[in-house]
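The structure appears below as structure tokens.
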Amino acid sequence: MSKRGHFFGDLDVDVQFDVHVGAMTWFGIGGTADMLVHPRSEEALGALVERCSQSDTPLRIFGKGANLLVDDSGVDGVVLKLDHESFTRLRFNAEGEVDRVLAMSGADLFSTVNELARQGLDGFSQMAGIPGTIGGAIRMNAGGMNGSIGDCIESVTCLDETGQRLVYDGSQLDFRYRDSNLPEGLIVSAILRLEPVDPVKLREKVMEIFAYKKSTQPLSDQSAGCAFRNPVIGGERISAGRLIDEAGCKGMQVGGAEVSGQHANFITTGTDATATHVRALMEAVQSRVREHHGIDIEPEVVIWSRDDRSIT
């Protein structure tokens, strides 16, 4: 067994080496991961997290790759993918209540929205049309004009860097725009607080939200969603897309990366694009907005590179 393989030899995990994870992102570009690991149980996950901490091995979590740019040089350490059924399931009647659902962190957002609508449970419909996983969405408090995932969180279960299981009640958590006070660590699951409604009307509501997103965003192109966060100016949150548009950035290109002509806060990638192109274009957009408006806009897209060693 190789030295890298020995690191996982006694754990209930599947391991792949030198995996082109950049191609697995919604951008479809970027480098490789030294190790892509698929735990089969929460026990194996906890042991792996502890082992990475003790050996100072970088650890990252790959969800659906919807809000991620992987540097062309790739990433070192361990990249986790929680795609085993242990981490993708929903459990209804969680805690014995019909309006509480246990959602594991690897559960797909699209599938979760659709299943909850089929069951006639509202409170999660604001996530319609938003790609990703439960864990990734909670970590960044993903959402849109209809609300965010934090609106329906009853509790969140995490693992700290030692692999210890910690549960945070919703009353302890302050979910803010694309952020929260949730401590660093790996999200394992969450209890969703929902409301029984007419499933037919709920399905119509979900379809309306999705249709609006489809009409206003370049969903058919390769992109990672909104590239920049909406900044707060004078106590008011301003649309980054509007600032970018007014700065004349639509259609700007660097190599195979381009600012979308449909929505200025989307950067799309073509067949010849690289992660370096995207990063250079993001910097050019930031510079143009700063020159035009005197405002700094910060990336919403997460960027992985070999000099980043934190759990994300």
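The values are calculated or read from the model by the stated rules, or taken from the named source; none is laboratory data. Quick caveat: nothing in here was measured; it's all calculated off a predicted structure. Methodologically, a virtual Cβ is constructed for each residue, glycine included, from the backbone with ideal geometry; neighbour enumeration extends over all protein chains shown.
Just a few scattered comments:
- Any hit, segment 68-78, residues being assigned to a loop (DSSP other than H, G, I, E, B), outside the structural domain of Gly136 (by TED's automatic domain parsing) and at pLDDT below 95: no
- Selected residue (criterion: nearest to Glu85 (Cα to Cα)) from residues of segment 36-50 that are of a type outside the set (Gly, Ala, Ser) and either surrounded by fewer than 23 Cβ atoms within 10 Å (Cβ to Cβ) or in contact with a Cys (Cβ under 6 Å, 6 or more places away or on another chain) (or both): Arg40
- Segment 102-142, subset part of a strand (DSSP E or B) and more than 13 Å from the chain's Cα centre (by Cα), residue surrounded by the fewest Cβ atoms within 10 Å (Cβ to Cβ): Leu102
- Qualifying residue in segment 162-169 (condition: outside the structural domain of Arg40 (by TED's automatic domain parsing), buried (at least 16 other Cβ atoms within 10 Å of the Cβ), among the basic types (Lys, Arg) and touching a strand residue (DSSP E or B) at 6+ places or on another chain (Cβ under 9 Å)): no
- Filtering Ala264, Ala257 for residues that are small (Gly, Ala, Ser), free of Cβ contacts under 8 Å to residues at least 40 places away in the same chain and touching a Ser or Thr at 6+ places or on another chain (Cβ under 7 Å) leaves a single hit, Ala257.
- Residue in segment 4-24 that is under 12 Å from Trp304 (Cα atoms) and either hydrophobic (A, V, I, L, M, F, W, C) or buried (at least 16 other Cβ atoms within 10 Å of the Cβ) (or both) present: yes
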